[in-house]
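Below you'll find the structure, written out as C-alpha cells, and then a few comments.
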Amino acid sequence: MEMSITKTFHAAIYLRLSKEDGDVASGSKQESNSISNQKELILDFLKTKPEISVVSIRTDDGYSGVNFDRPEFQRMMEDVRKGVVDCIVVKDLSRFGRNYIDAGRYIEKIFPALGVRFIAVTDNYDSYSDLGSQDIIIAFKNLINDSYLRDLSTKIRSHLAVKRKNGEFIGNFAVYGYLKEEGNRNHLIIDPFAAEIVKDIFKMKLEGMSPRAIADKLNDTHVLSPMEYKKSLGINYETSFKTSQKAMWSPNAVTRILTNRIYTGVLEQGKRTTPNYKIKSTEKVDAKEWVRVEHSHEPIIDSIYFDIVQNLLGRDTRQSQTSNETYPLCGLVFCADCGAPMVRKTNLGRIKDGQESPKRYVYYMCRNRQKSGGCTGHRIREEELLSTVFEELQSHIRNVLNMQDALEAIDMAHTQEFRAKRFMSQMEKKEEELMKAQKLKIGIYEDLKEGLIDQEEYQSFKNEFNRRIKDSEDAIRLYQEEIEKAKENKSGISDWMNYFREYKNIESLTRSVASIFINRVLVYEGRRIKIVYNFEERLADACEYLENTEKVSKAI
C-alpha cells in the first residue's frame, strides 16, 4: 500500500547524457533525443505524484558520469543548499552517475543529511518510501554502473590506440593550417588560406624574427589568430589560452606552430593521457611513447626546413635596436676557443678633417671576454667576417652542385640502398651490444644466487646494465627510422640538393641564406674562421658513396 504523503516537495529533474553514449546534441539541435526521452518519461511519472512540484530541469548533455563536476549538477546542488530544491528525480541511477563510491556517498549520506528525497524512476527507487531493504540492491546497481564505465573506458582507449597507429587524426579540432576532410573526419587536408600563414610564420623565423615579433606583425596586419579564424569558419572552438575578449596572436601561439611537426606530414599523438577512467586531469607522456606516423597527411613545411627552424629557435637572434633588421649572422657566430656566442659591438671613431660624422666600426667579440674576461680578446670586424663567409659559402655551393652532377649519373636506387646498408651495419653493432648487456644482466643474477656478489653490488650492476640496454634500444629504434627514411628517400639526396640548386647564384649573404646553409661560424684568434654547414651528414654520405663507387669502378 502506498503511504499517504501530505508534504509538498520542490523537485529538480536531472538529465544527463555523455559523449560516450553517442547521442549528444549538436548544431542547431538544442537537445539530443535521449535527453528528450528522459524528460518525457520523468514528467509522465510525476503526473502520479501530486505532492511533487517541479521547480527546475537541469541538463548535462555531453558530460561523463565518471564524476560529479558537471555544471548543471553543481547548480542543482546550490539550489539544494539554498533550500529551493528538496527532491531530485532522475530516469535511472546510471543517469545520476556511474562512479560507485561517489554515487553511493550522495544517495546514502549527503542527500539524507540535507533532507533531499531522491527518486530513480526506472530503478523503482524512492528514498522517501520505506524501502530500506533495497539499499543493497541500489549499491549493487551503482557497482554495475561503475563497472560498465570502466569497461567502456577500456574499449574507447583501445579503439583510439588503433586509430593512432593507423595514422588517423583523433583530435576534436584540426590544427591551424589543416581541416578535417569531409566524409573522413580522421584525415587532415590542407586549409589553403591558413597554410599560407603557417608558411609565412616559418619564413619570418628563418629571417631572424622572434616569436614575439612575428606575433606583433600578424596582429598589426590583422591576421586572425587560430581561435578567431576557426570561429570565422563556424567552428565552435574554445581554448584556455584566450586572455581577452578577442583572441590575438601571442608568442606562445607562434612557438606552438613553429615546433609542431604535424606541418611536415608527421602525425604525433598520445602526448597526454589520464591515469584512469575516474581521473580526468591529464599528464604528459614521454616522447618515446608517442604514436608517430609519417606521411599521414600532406605536409605544409618540408622536414629539412622544419629542422633548420628548430635549430634557430634555441639561438639568440635579437634584432637591431633601431630597426626591424636582423643581421645575417645573428645567433650563428661563436668563439672557437670557449664555445660562447660572439656578440656584435659598434664603436665610433674620431671625427677626422673633412668628416661630418665619426666612422662606425662594427665587430664581433667573445661574450665571455666581454662579461668576465674568461677568454682571449680575439675579435673580427663584421665587414671582413661577412665577406669571408659569403665567399666560402659560394665556393661550398659550387662544390656541392658539382657533386650533384656526379650523383645524378649514378642510379638513385643504388644510392638509397647504400644509405640503408650503412645504417643497417650501425644497427647490427648496437644489437650486438644489446644482447651482450642482456646476457651480463642475467649473469649477475646467477652470481647473486651463488653468493659471489652481495645485494648492493647486484643492484649497482643491474642499474648499469639497464642503462646500457636502454641506450642500445633507443639507438636501434633511431637506426630503424633512418633505414626506413633511406629506403623511401624521405631525406634523400634530391630533397636537400634542392636548396643548393635554388641558391646557386646568390649575390649577397642574406639572413635567409645564412640560416639555411650555416649551422655556426667559429672564430679563432688571428681572425681565422671555420664554417660548420647544415647538411654535413648528408654530404658525408654522398662523398662516401661516390668514393666507394669509384673504387668499385676501378676494380672492374
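Every number in this text was worked out from the coordinates using simple rules, so none of it is lab data. Because the structure is a prediction, the values reported are computed rather than measured. Methodologically, a virtual Cβ is constructed for each residue, glycine included, from the backbone with ideal geometry; neighbour enumeration extends over all protein chains shown.
Looking at the stretch 157-200, which GluC sites (Glu not before Pro) are DSSP coil and have at most 10 other C-beta atoms within 10 Å of their C-beta? Don't skip to the answer; put the middle values down first.
Values: sites: 168, 181, 182, 196; in loops: 168, 182.
Answer by residue number: 182.
Say each of residue 503 and residue 466 gets a label point 7 Å from the Cα, pointing the same way as Cα to Cβ; how far apart are those two points in nm?
It is 4.6 nm.
Report the label-to-label distance for residue 54 and residue 439 in nanometres (one decimal), using points 7 Å from each Cα along the Cα→Cβ vector.
Going from the residue 54 label point to the residue 439 one covers 7.7 nm.
May I ask you to work out the translational diffusion coefficient for the stretch 415-466 at 25 °C, viscosity 0.890 mPa s, via Stokes-Einstein with Rh from the Kirkwood sum over Cα pairs, reported in whole µm²/s?
Values: Rh = 12.8 Å.
Rounded to a whole number, D works out at 191 µm²/s.
Could you work out how far apart the two model spin labels at residue 338 and residue 543 are, taking each label as a point 7 Å from the Cα in the direction of the beta carbon, and quote it in nm?
3.1
I'd like the projected area of the stretch 156-268, averaged over all directions, using the convex hull of its alpha carbons. Report it in nm² with one decimal.
Working: hull surface 31.5 nm².
For the stretch 156-268, averaging the hull's shadow over all directions gives 7.9 nm².
Taking amide H atoms as placed 1.01 Å from N in the peptide plane, list the residues 5 or more away in sequence, or in a different chain, whose amide H sits under 5 Å from that of residue 125.
120
To two decimal places, what compactness ratio does the stretch 32-111 give when its Cα radius of gyration is scaled by 2.2 N^0.38 Å?
1.10
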